[in-house]
Structures are given as structure tokens and as C-alpha cells.
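Engineer: Below is one structure. I have some questions about it.
The values are calculated or read from the model by the stated rules, or taken from the named source; none is laboratory data. Because the structure is a prediction, the values reported are computed rather than measured. Virtual Cβ from ideal backbone geometry, glycine too; neighbours counted across all protein chains shown.
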Amino acid sequence: MKTVDDYNFKNERALIRADFNVPLDDQYTITDTNRIDATIPTIQKILNDGGAVILMSHLGRPKGERTEKYSLKHLVPFLSESLGCNVKFADDCIGEETKEKAQSLKPGEVLLLENLRFHKEETKGDEEFAKQLAELADVYVNDAFGTAHREHASTAVIARFFPGKKMFGYILGNEIKYIDKVMHDAKKPYTAILGGAKVSGKIEVINNLLDKVDNLLIGGGMMFTFIKALGGKVGNSLVENDLIDVAKKTMERAEMLGVKLFIPVDAIIADKFADDADKKTSDVKNIPDDWMGMDIGPETLKQYNEIIKDSKTLLWNGPMGVFEMASFAEGTQQIAKAVADATSKGAFSVIGGGDSVAAINKYHLGDKVSFVSTGGGAMLEFIEGKELPGIKAINE
Ligand code: AMP
């Protein structure tokens with residue numbers, strides 16, 4: 001794996017595909033700077049070598065239209081402050097003027113390009129558009145994990161124009177290193193914890209993980225499709241009836257492979273989908289009509305805690321319940337704590353998926369696990385065993 005650490009950027013212009021898709025308020029103030037903060041070390045390494053940096057990113061989904069709301073110029077003040085230099089800006093990511101600005105960059109200087117998605121060619125993976133971007137620089141660095149599963153012009157196609165001069169930035173490099181470790185080099189016992197709303201979004205993940213893990217703990221809305229497949233009564237809980245057979249086959253396959261697949265034994269149920277609903281603990285297979293499962297129950301938590309405690313590798317994706325509502329956050333919070341505790345006793349843990357990351361941060365446990373992945377969809381495709389276009393393009 002080639003990263004920026006393997007290259008000396010002295011007197012070279014590096015084009016970095018960053019993920020600066022940050023939230024902005026009405027005054028165009030960045031409300032969460034995490035994604036930019038995370039990219040600073042990659043930029044700094046290039047500048048310290050004596051190189052110049054050209055930054056490109058998407059912001060929002062402007063679908064090929066120029067809009068003030070999605071202009072990357074709003075990021076210039078924050079970037080300048082973070083880097084301690086005056087970041088220049090190009091009104092377009094391609095074209096003559098942009099090329100001139102890029103060519104006149106001196107070592108130590110930084111140029112930010114306007115939103116890539118102001119051109120519809122970006123998401124189409126247009127080769128000519130990629131070529132025009134490539135003409136701006138000598139070296140290509142991909143540091144955007146969140147879009148690595150997309151074959152866009154700036155994330156994959158562009159790499160063809162930089163044979164021998166393309167590499168990963170620190171963010172992407174770390175994502176590959178840590179997720180690869182849990183996929184190919186995991187110490188046993190290895191436990192995966194999967195939650196979230198639906199089975200449909202996770203079925204390929206489950207199937208790929210069954211070949212690798214010792215234990216698979218199921219939680220979240222998706223548990224009820226499994227419970228129904230086992231003949232349970234799930235009341236009004238979230239169920240995907242068309243996936244009941246798939247759930248049955250998954251359980252059979254787990255048994256065949258000797259993987260312990262755990263389905264919750266109890267649930268916290270509610271009489272409506274609301275934080276102030278009436279709630280109680282119920283046997284998961286006997287949920288009364290008109291009630292719905294919102295979280296895993298105390299018996300399940302006890303069981304899951306024991307397994308997590310004894311694991312040497314942990315992979316967690318998806319909340320255990322409707323954790324956005326305080327009344328149904330206990331399961332997710334306790335699992336987050338259990339994963340953090342196991343990590344402090346030597347387990348290696350990777351957390352991924354927007355909601356589990358939000359949860360682990362909400363409980364201030366982000367620095368108590370081994371690695372928090374930044375890409376939702378990209379991470380899922382990675383653990384499905386797919387080769388991500390953005391990664392393949394660099395490795396080829
Ligand atoms: P996903 O995007 O598939 O990882 O799903 C995350 C969402 O699943 C969160 O917004 C949770 O509120 C939701 N969720 C978790 N458990 C349940 C449940 N028992 N019923 C309905 N939604 C749930």
C-alpha cells in the first residue's frame with residue numbers, strides 16, 4: 001500500500017481528493033469540522049516536504065448545478081486558519097483560469113478548487129473531466145474514504161493519469177489498514193455486533209462475516225425479522241417479511257459454519273414509536289399486538305456483555321435500538337461501553353457506520369476503541385468483501 005509517507009513531495013504539486021462534505025449553517029459557518037481536521041496531517045506532510053497542495057472535494061448534492069449553498073469557498077477561512085497560511089481559491093475545478101492558478105503555485109502554497117459536483121461529469125466518472133483535473137498536478141493523493149466506494153471522476157477514474165504517482169493520504173491509508181485487519185488478520189475469539197434498522201442493508205455484510213467471525217450478535221430493528229423467522233410474535237415491530245427466508249438461511253449457514261449467531265432473548269417494547277411511549281421489558285418472541293420492539297432487553301445485554309468481554313477482536317456496525325430516543329438508548333450505550341471496556345483489556349475494536357459512530361461519540365467513548373471508521377457506505381461495502389473503486393484505482 002503506497003501512502004504519502006512513501007513519497008517526497010519537494011517541488012511537486014499534489015492534487016488531494018479530500019472529503020470536505022461538512023455541514024454548514026445558514027451563515028455558512030461549518031458546524032462540524034471533523035472531516036477537515038482529519039485531512040490536515042496529509043496536507044501538512046506535503047507542505048513540510050516542500051510541495052504545493054491542490055484540494056478538491058464535493059459538498060452536498062448540487063447535481064451539476066452551481067449553487068451558493070454548496071460552494072466550497074465558504075471553507076476558505078477555516079482552512080486558512082487551520083493551516084496557518086492564506087488558502088487560495090479557484091472558482092471552478094477545471095478550465096484555463098484554474099490551470100493557471102494551479103501552475104503558479106509555489107512550494108508551501110495551497111489552492112482549494114470549487115465543488116467537483118458543480119459538474120455532472122464528476123459523479124458520472126467522465127474520463128475527459130478526470131483528465132482535466134489531472135492536468136492540474138504532478139501527483140494524485142486520495143484521502144476521501146467516504147466516497148471510495150464510488151467510481152467518480154475524482155475518486156477513481158483520475159488515478160489512470162498518474163501511473164506511479166498516485167497514493168493514499170493518512171485517512172484512507174488508516175481506514176484500509178484497520179478494516180483490513182479485522183477482515184483478514186483478526187485474533188480470535190472474533191465477535192461482530194450488527195444492528196441498525198433493516199436486514200436488507202446488511203445481508204451481504206452478514207454473509208461475508210459468517211466466514212470470519214466466531215460470534216455474531218444481532219440487535220436493532222433487524223432482529224425482528226430473525227425472531228419472526230424463528231416463529232416468534234413480534235407485534236408491530238419493524239419486520240421485512242420478504243427477508244424471512246433469507247434470515248432462516250442465514251441462521252442455517254451460521255450453524256453449518258459453527259458460528260454462534262445470537263438473536264436477542266428479550267426486548268424493550270413500546271406502545272408507540274415515541275420517546276414518551278409506555279414501555280416495558282418483554283420476551284422477544286411474545287410481543288403483544290400493538291406493541292413494538294425498540295431496544296434489546298436486560299437479559300440480552302447480560303449475554304452480549306459476556307461475549308464481548310471475552311473477545312479479542314470486535315467489529316460493531318449499527319445501533320442496538322432506537323438510540324436517538326433516550327428511553328431506548330440503553331442497549332446501544334451499554335454495548336458501546338462493553339466494547340470500550342474490552343478494548344482497554346487488550347481487544348482490538350473497529351466501529352463503523354454513521355449511527356454507531358454517532359453513538360460512540362455521544363457517550364464520549366470514541367478514543368476508547370481502537371478505530372472509528374469515517375465512511376458509512378464505504379465501510380459496509382468494504383466489510384461485504386467488495387473491492388472499492390477508489391482503493392483499486394490506486395493499487396492498480
Ligand atoms: P441503519 O442506518 O440501518 O444502521 O439504521 C440505523 C437506525 O436504525 C437508527 O436510526 C435507529 O433508530 C434504527 N433502529 C434501531 N433499532 C430499531 C428498532 N428496534 N426499530 C426501529 N428502528 C430501529
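Engineer: When you go through (1) away from the ligand (no atom under 12 Å from the Cβ); (2) under 22 Å from Thr300 (Cα atoms); (3) assigned to a helix (DSSP H, G or I); (4) under 15 Å from the mean Cα position of the chain (by Cα) one by one for Val350, which number turns out not to apply?
Structural biologist: Only one criterion in (1) away from the ligand (no atom under 12 Å from the Cβ); (2) under 22 Å from Thr300 (Cα atoms); (3) assigned to a helix (DSSP H, G or I); (4) under 15 Å from the mean Cα position of the chain (by Cα) is unmet by Val350, namely (3).
Engineer: Among the numbered conditions (1) surrounded by fewer than 21 Cβ atoms within 10 Å (Cβ to Cβ); (2) under 29 Å from Pro77 (Cβ atoms), tell me where Lys124 comes up short.
Structural biologist: (2)
Engineer: For the structure I just gave you, tell me whether Lys228 is more than 14 Å from the ligand (Cβ to nearest atom), basic (Lys, Arg) and either surrounded by fewer than 17 Cβ atoms within 10 Å (Cβ to Cβ) or farther than 30 Å from Arg17 by Cα (or both).
Structural biologist: no
Engineer: Taking Ala186 as meeting all but one of (1) crowded, with 21+ Cβ neighbours inside 10 Å; (2) part of a helix (DSSP H, G or I); (3) more than 16 Å from the ligand (Cβ to nearest atom), write down the number of the exception.
Structural biologist: Status for Ala186: all satisfied but (2).
Engineer: If you don't mind, another one. List every residue pair whose Cβ atoms sit under 8 Å apart, with the two residues 6 or more apart in sequence or on different chains, where the first one lies in region 355-380 and is farther than 16 Å from Met320 by Cβ and within 11 Å of the ligand (Cβ to nearest atom) and the second, anywhere, is at pLDDT 90 or above and basic (Lys, Arg).
Structural biologist: Cβ pairs passing all conditions: Leu380/Lys202.
Engineer: Looking at region 75-103, which of its residues are surrounded by 20 or more Cβ atoms within 10 Å (Cβ to Cβ) and over 21 Å from Glu135 (Cα atoms)?
Structural biologist: Passing the criteria: Leu75, Leu79.
Engineer: Quickly run through region 229-267 and pick out the residues that are within 16 Å of Val284 (Cα to Cα) and among the charged types (D, E, K, R).
Structural biologist: Lys233, Asp266 - these are the residues of region 229-267 that are within 16 Å of Val284 (Cα to Cα) and among the charged types (D, E, K, R).
Engineer: Return a yes/no flag: does region 194-205 have any residue that is modelled with pLDDT under 95, at positive phi and within 16 Å of the ligand (Cβ to nearest atom).
Structural biologist: Yes, that holds for at least one residue.
Engineer: Still on this structure, please answer the following. Check Ser349, Ser327 and return the single one that is at pLDDT 95 or above and surrounded by 23 or more Cβ atoms within 10 Å (Cβ to Cβ).
Structural biologist: Answer to the selection: Ser349.
Engineer: Are any residues in region 202-234 over 19 Å from Thr300 (Cα atoms) and either part of a loop (DSSP other than H, G, I, E, B) or not assigned by TED's automatic domain parsing to the domain that holds Tyr190 (or both), and if so, which ones?
Structural biologist: Lys202, Asp211, Lys212, Val213
Engineer: Additional query: Any idea which of Ile36, Ile40, Ile46, Ile16 is touching a residue at least 40 places away in the same chain (Cβ under 8 Å), over 24 Å from the mean Cα position of the chain (by Cα) and closer than 29 Å to Val372 by Cβ?
Structural biologist: Only one candidate passes the filter, namely Ile46.
Engineer: Can you name every residue in region 240-293 that is surrounded by fewer than 18 Cβ atoms within 10 Å (Cβ to Cβ), among the polar types (S, T, N, Q) and farther than 24 Å from Ala326 by Cβ?
Structural biologist: Passing the criteria: Asn241, Asn286.
Engineer: Scan region 294-324 for residues that are more than 22 Å from the chain's Cα centre (by Cα), buried (at least 19 other Cβ atoms within 10 Å of the Cβ) and within 16 Å of the ligand (Cβ to nearest atom) and jot them down.
Structural biologist: Residues satisfying the conditions are Met294, Asp295, Ile296, Gly297, Thr300, Leu301, Tyr304.
Engineer: Determine whether region 298-321 contains at least one residue that is closer than 30 Å to Asn236 by Cβ, outside any helix (DSSP H, G or I) and touching a Phe, Trp or Tyr at 6+ places or on another chain (Cβ under 6 Å).
Structural biologist: Scanning region 298-321 turns up at least one residue that is closer than 30 Å to Asn236 by Cβ, outside any helix (DSSP H, G or I) and touching a Phe, Trp or Tyr at 6+ places or on another chain (Cβ under 6 Å).
Engineer: Among the residues in region 123-133, are any free of Cβ contacts under 8 Å to residues at least 24 places away in the same chain, more than 16 Å from the ligand (Cβ to nearest atom), among the charged types (D, E, K, R) and over 30 Å from Ile244 (Cα atoms)?
Structural biologist: Yes, there is a match, as at least one residue in region 123-133 is free of Cβ contacts under 8 Å to residues at least 24 places away in the same chain, more than 16 Å from the ligand (Cβ to nearest atom), among the charged types (D, E, K, R) and over 30 Å from Ile244 (Cα atoms).
Engineer: A follow-up question, please. Kindly indicate whether Gly221 is under 25 Å from Lys309 (Cα atoms) and within 12 Å of the ligand (Cβ to nearest atom).
Structural biologist: yes
Engineer: With respect to Ile171, is the statement that it is β-branched (Val, Ile, Thr), at pLDDT 95 or above and within 11 Å of the ligand (Cβ to nearest atom) true?
Structural biologist: no
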